[in-house]
Amino acid sequence: MSRYISWYVSTCDLCLRTKPWRHSPVGELQPLSVPDTRWDTLSVDFVVELLESSGHDAIMTVVDSVFKRVHFVLTHTTVTAEGAARLFLHHVWKLHSLPKRVVSDRGPQFVASFTKKLYRLLGVQLSSSTAWHPRQTDKRNTSTRSSTSSSAYSLTNNRMTGTTSY
């Protein structure tokens, strides 16, 4: 009886149209931009939980988005962002320098932490500032930002008609 009910509900047109969705709607995929040169955009991924070999049980793959060339780096399943940055530095950076973009399915927190650790290992000092606080940014940046916004305002102010049409 329960099989019949399950079959009926899964094939009933009215049931399928009125069934509430229990998850958020799926958005459209946004394609990545095409890189200009080789090794500008990299994809970093991890193949984990492999059989242990020589003390390693995972592989970090770094793929060039243009020519699909790959670096396979042996690692551990429990590798941290700092460990991944060290592996990247010793196996990829020495051959191809810094990329302009890193794509990873590990999430934005991992990519941000990976980038911070890599910059620290390279000796690059990251200096963050908050928006619209001139004491924390240099005067050149502040003056450039203010002249850009005033230029944009003066260019668009004469053309404003109250309606937007594209």
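The values are calculated or read from the model by the stated rules, or taken from the named source; none is laboratory data. Keep in mind that this is a model prediction, so the values were computed, not measured. Positions of Cβ are backbone-derived with ideal geometry, glycine not excepted, and every protein chain shown enters the neighbour counts.
Observations, loosely collected:
- Selection of segment 9-63 for residues being on the phi < 0 side of the Ramachandran plot, in contact with a helix residue (DSSP H, G or I) (Cβ under 9 Å, 6 or more places away or on another chain), at pLDDT 85 or above and not in a strand (DSSP E or B) yields only R38.
- Looking across T130, T78, one residue alone is part of a loop (DSSP other than H, G, I, E, B), within 27 Å of the chain's Cα centre (by Cα) and at pLDDT below 85. It is T130.
- A search for C-beta distances below 7 Å between a residue of segment 94-115 that is of a type in the set (A, V, I, L, M) and any residue that is in a loop (DSSP other than H, G, I, E, B), counting only pairs 6+ apart in sequence or on different chains, returns V103/L32.
- Inter-residue pairs, beta-carbon under 6 Å, first over 25 Å from E49 (Cβ atoms) and of a type in the set (D, E, K, R) and in segment 62-76, second surrounded by 15 or more Cβ atoms within 10 Å (Cβ to Cβ) and modelled with pLDDT under 90, 6+ apart: D64/W39
- Failed criterion for P99 (all others in (1) assigned to a helix (DSSP H, G or I); (2) surrounded by 10 or more Cβ atoms within 10 Å (Cβ to Cβ); (3) at pLDDT 80 or above; (4) not hydrophobic (A, V, I, L, M, F, W, C) hold): (1)
- Residues located in segment 75-106, provided they are among the small types (G, A, S) and farther than 17 Å from R120 by Cα: S104
- Looking only at residues of segment 77-95 that are in contact with a strand residue (DSSP E or B) (Cβ under 9 Å, 6 or more places away or on another chain) and surrounded by fewer than 15 Cβ atoms within 10 Å (Cβ to Cβ), we find that the one that is nearest to V47 (Cα to Cα) is T77.
- Of the residues F72, F67, the single one that is part of a strand (DSSP E or B) and over 25 Å from S127 (Cα atoms) is F72.
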